[in-house]
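> Okay, handing you the structure first.
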Amino acid sequence: MHAVPPPLPRTAPTRLVAGPPGTGWAWCGAAAGLAGAAGLLGTAGIYTQDAWDAGDSSRMTASVAEHSSIVWAHQALSALVVTLLMVFAAGLYRHLALREPPGGLVPAVAAGGVALTAVAVFLGAGLDTELWWSVGDGAIADPDTVGSMVVHYGAVPWLWGGLGLSAAAVARAGFARRSVGRGLAVTGAVAAVLLLATQLAPVQYIALLPGALWLIVSGPLLARSAARAAAD
């Protein structure tokens, strides 16, 4: 009989530790803020003011039909903003997770606020498809339905209030644990207050402006912080 060899010693599986996520994600945040502020404002005029003032759905539908190219541009722009926001959300989560205590909620809340904003833009872009086909040649859509979609066109993709959660989470990370620099903490605190104010009044769509500004300012600051972490 052959001797049975002793069992091999059990060793813990090798665990790969991810390094810093680079800086591209942070610049995606700044780009999302620029594209959102300039692009969404630039594609807001899909009807003439006199058609809106008249309160006539038929005139409104005809006016939207004259600006259908803007509707298409808005859809393409929204797709770009959603992509940039989701990359930024993933990078922000990783950036904070490497600095916050394990199991903390700050990274998830920060990323979740950005993702919530991306969902609003994504859903708002869905109105573009409906509007496009509702005012095209041979369309038989009810003008009152088109008028209703126009109202939501100018509100849903502008609901950037979710960034208030992200800004507040970054501010807490900076003030409570110094996980980010003081500049980011102060910027986040100011943005969180402004974004909260837009949610306490019936002007939620104004959140686009402070939300985009927070992204534009925080993006370069986060990129610098990530670059320093990679160099250490």
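> Just wondering, is there one or more residues in region 174-187 that are outside any helix (DSSP H, G or I) and either polar (S, T, N, Q) or closer than 23 Å to residue 77 by Cα (or both)?
yes
> Say we look at region 151-164 and pick out the residues that are surrounded by fewer than 22 Cβ atoms within 10 Å (Cβ to Cβ) and part of a helix (DSSP H, G or I); which of these is modelled with the highest pLDDT?
Filtering region 151-164 for residues that are surrounded by fewer than 22 Cβ atoms within 10 Å (Cβ to Cβ) and part of a helix (DSSP H, G or I), the one modelled with the highest pLDDT comes out as 156.
> Right, next: Tell me which of these residue 129 doesn't satisfy, since it passes every other one: (1) more than 11 Å from the chain's Cα centre (by Cα); (2) β-branched (Val, Ile, Thr); (3) crowded, with 16+ Cβ neighbours inside 10 Å.
Single failed check for residue 129: (3).
The values are calculated or read from the model by the stated rules, or taken from the named source; none is laboratory data. These numbers were taken from a predicted model, which means no experiment stands behind them. Glycine gets a Cβ as well: all are built from the backbone with ideal geometry, and neighbour counts include every protein chain shown.
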